[in-house]
1. If you take the beta carbon distance between Arg62 and His112 as r and set R0 to 25 Å, what does 1/(1 + (r/R0)^6) give as a FRET efficiency, to the nearest 0.05?
2. Sorting Tyr102, Tyr15 on the 10 Å Cβ count, fewest up front, what's the list?
3. If I take the Cα coordinates of the chain and project them onto the principal axes, what are the three extents in Å, biggest first?
4. Rounding to the nearest 20 debye, state how big the charge dipole of the range 14-114 is about its Cα centre with +1 on each Lys and Arg Cβ and -1 on each Asp and Glu Cβ.
5. Relative to the longest principal Cα axis of the chain, at what angle does helix 81-99 sit, 0 to 90 degrees, rounded to 10?
6. Can you work out ³J(HN,Hα) from phi for every residue in the range 101-112, in order, using Karplus 6.51 cos²θ - 1.76 cosθ + 1.60 and θ = phi - 60°, giving whole Hz and x for Gly and Pro?
7. In a GNM of the chain with a 10 Å cut-off on Cα contacts, which of Asp13, Asp42, Asp105 has the highest mean-square fluctuation?
8. Please name whichever of Gly34, Ala97, Ile22 sits farthest to the positive end of the charge dipole of the chain, dipole taken about the Cα centre and charges placed at Cβ: Lys and Arg +1, Asp and Glu -1.
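We did not get these values from a lab; they are worked out from the coordinates using the rules stated. This is a predicted model, so every value here is computed, not measured. In this analysis, Cβ positions are derived from the backbone assuming ideal geometry, glycine residues included, and neighbour counts consider all displayed protein chains.
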Amino acid sequence: MLAVKVDRGDPMDLYEQVAGEIRRAIAGGEAKPGERLPPAKDLAAVLGVNTNTVLRSLRLLRDEGLLEFRRGRGISVAGTPERGAVAQRAKELVAFARRQGYQLDELVEIIHRVG
């Protein structure tokens with residue numbers, strides 16, 4: 001079982017905390033590409049959160065390319081630790097840019113200019 005935890009006193013949404021913990025596990029090598037994750041209901045029970053919260057986290061990580069969903073086989077790690085770290089930094093950059101008043105298309109334009 002992954003060593004994930006949530007802090008109910010943290011203002012960050014629970015699903016984001018769960019996703020962050022799984023990202024950390026992937027980046028730290030605790031969850032390696034090809035490994036299966038425990039079922040969402042088991043993770044939810046261990047964390048004391050609703051199964052839908054865990055599913056939302058897992059879908060987010062799937063959309064980032066870190067997890068793969070396969071019918072009948074469950075959920076497995078698809079991404080590499082490097083990709084997980086880059087995805088996390090990108091998410092932080094997008095959040096920072098939005099707090100500064102930039103739209104996503106403006107951020108993409110800035111990235112193109114500096115890249």
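1. My answer for the efficiency is 0.40.
2. Tyr102, Tyr15
3. Here the spans come out as 44, 32, 25 Å, largest first.
4. Rounded to the nearest 20 debye, it is 280 debye.
5. Helix 81-99 sits roughly 50 degrees off the main axis of the chain.
6. x, 8, 8, 4, 5, 5, 5, 4, 4, 4, 4, 4
7. Of Asp13, Asp42, Asp105, the Gaussian network model singles out Asp105 as fluctuating most.
8. Farthest towards the positive end: Gly34.
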